[in-house]
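Everything below concerns the one structure shown next.
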Amino acid sequence: MAEYVKSYQYKSMNTVLSILILGSGGREHAIAWKIRQSRQAVRIFVAPGNAGTADIATNVPVDVTDFEQLKRFCIEEEIQMLVVGPEVPLVEGVADFFQMDPLLADIDVIGPGSRGAMLEGSKAFAKDFMLRHQIPTAAFLRVNKLNLEEGFLFLQKLKAPYVLKADGLAAGKGVLIIHDPEEARHELKAMLEGKFGKASDEVVIEEFLPGIEMSAFVLTDGSDFVMLPSAKDYKRIGENDSGPNTGGMGAVSPVVFADKVFMEKVKDRIIKPTILGLQQEQIAYKGFIFFGLMNVGGDPYVIEYNARLGDPETECILTRIKTDFVDLLRACAKGSLGSYKSETDDRFAVTVMLVAEGYPGTYKRGDKISGLETVNDCVVFHAGTASDISTGSPKTNGGRVLAVTALGDTLEEARATALSNAAKISYQGKYYRRDIGLDLLHFKPF
Ligand code: AMP
Ligand code: GLY
């Protein structure tokens, strides 16, 4: 009966669909923005959200891992769809929690259960999964305190640089790339002794793959998938990819080196075997998969899986999706993605992330943001912002503050528009990279 009522409601365009998005970054603002453009009438809630989501949706002051509070809210507001932005609630089992509770089981959750989220939550699980399903990835060894000697021997067999990965979630900081063999041994030991807490109780040692990185995204209902636009992310804080890693300083879509031939290889060698592998292992998966890929001389290898969309890639790619996003999410929930055609804008999108001074180290919050009303021909997604209680105007509230995205017929044009708008916004200590996409302007194919 519940099924019947729900599908009936979906068919009626007069019915307002209530959606809750979990998260508070630029990715979640972009998801809310894209949902807001749907021809379907929607009520959008974001928990906990930011100053940007407050403009187009209703923010809900609930933590993404407080499942009991989320339950209360979903029942009260008759939520019909939950879209999970970040990895932590997925790995902690938010989708399972909803599925197992009779009061929540009718809510469509976009995001895998905790077993599917292990693709991101455990690097060791992901590597074994790829091995079982012959998905191209770097050679590796799983190491814990019991086989440390074996780990040292494996390091000896590899050539520098050495790649050490904490098995568990470490907020994007758990990967070390080390050039000196002695230092690699030392760091391996330090990781197993708790350098990243429990996340590095186990470490994956990997062969280093030389190449150029990109991110591919799909939405899957567990048997079929829709390919979303690909992107290249710029992870380092400094121009020319210098300095420490960040959550991402910008993104470009499409990726010039991810041409038709390369993307066919990605589909055949990586995406299809991944979805088939999940099916074979009876891991139900409705949600996004983010494939972190290395293009090694024209052949794709998986660097990592994520069980969610990327940030800032989402702020970039969603501006190129022409398809009604609510239709797409509903097709995913209903398991009908197989008959779904998604349309993409051919133009280039460039996202420039404005960050706080000091990021990715310590930084200040609470600085007034101005100039947002002066931008044009771009979309400004809020990442780390909050509304000032007394004035209601936005202030900085995180390391990554705003994501400025512009479209253009050429990469140059999209870059120029994003950068000129980035310059119009101000807050104390604003910093951004001016070279997002610059490397791809004169990219020579393999
Ligand atoms: P991950 O968190 O697994 O994405 O790793 C962080 C970054 O380390 C990646 O974005 C790559 O730039 C780099 N990396 C990870 N694994 C490898 C590898 N096997 N070879 C080369 N670079 C890698
Ligand atoms: N931009 C990389 C990530 O979202 O993990």
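The values are calculated or read from the model by the stated rules, or taken from the named source; none is laboratory data. In this text the structure is predicted, and so the values were computed from the model without any measurement. Neighbour counts are summed over all protein chains in view; Cβ atoms, including those assigned to glycine, are modelled from backbone coordinates with ideal geometry. Accessible surface is based on the protein model in full, side chains and every heavy atom, while ligands, DNA and RNA are left aside. Shrake-Rupley method; radii C 1.70, N 1.55, O 1.52, S 1.80 Å.
Observations, loosely collected:
- Highest average first, the peptides 99-112, 378-391 ordered by how many other beta carbon atoms sit within 10 Å of their residues are 378-391, 99-112.
- Listed by chain and number, the lysines placed with their C-alpha closer than 23 angstrom to that of residue 260 are 232, 272, 322, 341, 444; residues fewer than eight positions away on the same chain are left out.
- Tensor-based shape of the range 337-444 (alpha-carbon gyration tensor, a/c under 1.5 rounded, otherwise prolate or oblate): prolate
- With every protein chain in place, the chain: carbon and sulfur % of accessible area (1.4 Å): 51
- Shape call, the chain: gyration tensor on alpha carbons, a/c limit 1.5: rounded
- Using the average count of surrounding beta-carbon atoms within 10 Å as a protection proxy, the listed peptides 299-306, 407-414 rank, highest first, as 299-306, 407-414.
- Rounded to the nearest 20, the size of the Cβ-charge dipole of the range 74-184 about its Cα centre is 880 debye, with Lys and Arg at +1 and Asp and Glu at -1.
- Estimated dipole of the range 354-441 in Debye, rounded to 20 [Cβ of Lys and Arg +1, of Asp and Glu -1, Cα centre]: 460
- Å² per residue, accessible surface of the chain at 1.4 Å: 43
- 5 angstrom amide H check on residue 46, placed H, neighbours 5+ away: 21, 58, 59, 60
- Working from Cα pairs under 8 Å separated by at least six residues, relative contact order for the range 35-124 is 21 percent.
- The range 341-379: trypsin sites (Lys or Arg not before Pro) in DSSP loop, at most 15 other beta carbons within 10 Å: 341, 364, 365
- Coil-residue trypsin sites (Lys or Arg not before Pro) of the range 17-116, DSSP, other Cβ within 10 Å capped at 16: 39
- Relative contact order, percent, the range 374-446 [alpha-carbon distance under 8 Å, six or more residues apart]: 28
- Per-residue ellipticity at 222 nm computed for the chain from its helices equals -8500 deg cm²/dmol, with DSSP H segments shorter than 4 residues left out and the rest contributing -39,500 (n - 2.57).
- A DSSP coil position with no more than 13 other Cβ atoms inside 10 Å describes the following GluC sites (Glu not before Pro) in the range 78-117: 78.
- Cross-link pairs beyond the 30 Å C-alpha cut-off, checked among 145/286; 71/430; 127/159: 145/286; 71/430
- Measuring nothing but how far apart in sequence close Cα pairs (under 8 Å, 6+ apart) lie, relative to its length, the chain scores a relative contact order of 16 percent.
- A straight Cα-to-Cα reach below 18 Å connects residue 364 with the aspartates and glutamates 388, residues fewer than 8 places away in its own chain not being considered.
- Once backbone amide H atoms are built at 1.01 Å from N, residue 303 has 292, 293, 294 as its partners under 5 Å, excluding neighbours fewer than 5 places away on the same chain.
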